[in-house]
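Values in this text are rule-based calculations from the coordinates and carry no lab data. This structure is a prediction, so every number in the text was calculated from the model and none was measured. All Cβ positions, glycine included, derive from the backbone under ideal geometry; neighbour counts span all protein chains shown.
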Amino acid sequence: MQTLKDSIKDQILLAASKEFKEKGYQLASLRHIAHEANISVGNVYRYFNGKQELYEAVIRTTLSEFEILLSLDPTQYDQPQLAFKAMVETFSSTLMSLIEQDAQALSIALNDPVSSALIQQQLHVFLTRLASQWDKSIDLNLQQYQLLIQMLSTGIFHGCLKAVQQASLCDTETIQQAISMYFELHSYMTYAIQGDLS
């Protein structure tokens, strides 16, 4: 019985992922989701209280996977380059894992204004930690450094979003290599800019 309930719930989530990806949250319809899942709208409400709860269920796994960025501690590395590399590897492997698990849910989360802002904030927190370890003389309250970190976190996020959008056109290894190279370029730019500002 539980297996049957789980199966129906999975059908609903799969149909919802497709609907939210194709139409976005505002235009998505529970009627269409129910039709795609081959169940009644009433049956959808047996599992979810409404569209918002269903939407949150679709992107929950993606957001929780990205929370690992918040647990990364730059202070455990001898050099900022090593800390940045650890972040690259973690972010890259998380992206690839999510692409393989559910590329639609990942795309929804990355395109949603609220969840994309949360992921960018996690990147921002890590880069701020990294900057504070990198050079103790840097005053991170200065507007130029705040702006720089914001630009980097936003740039990294949007580059990875582009990689996810290309996931259906490229093989996994190509995407992973591109993401790693993209991060490396950001790393070089960060060090160059820091040298100009100091």
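The charge dipole of the chain, taken about the Cα centre with unit charges on the Cβ atoms of Lys, Arg (+1) and Asp, Glu (-1), comes to about 640 debye, rounded to the nearest 20. Based on alpha carbons, the Rg and Dmax found for the chain are 19.6, 65 Å. With semi-axes defined as the square roots of five times the eigenvalues of the C-alpha gyration tensor, the equivalent ellipsoid of the range 2-48 measures 19, 11, 8 Å, largest first.
Per-residue ellipticity at 222 nm computed for the chain from its helices equals -28000 deg cm²/dmol, with DSSP H segments shorter than 4 residues left out and the rest contributing -39,500 (n - 2.57). Computed from Cα positions, the angle between helix 2-27 and the longest principal axis of the chain comes to roughly 70 degrees.
What number, in percent, do you get for the relative contact order of the range 60-197 if the mean sequence gap of Cα pairs under 8 Å and at least 6 apart is divided by its residue count?
Working: 103 pairs, mean separation 40.8, N = 138.
Reported as a whole number, the value is 30 percent.
The angle separating the long axis of helix 143-165 from the principal Cα axis of greatest extent in the chain is about 40 degrees.
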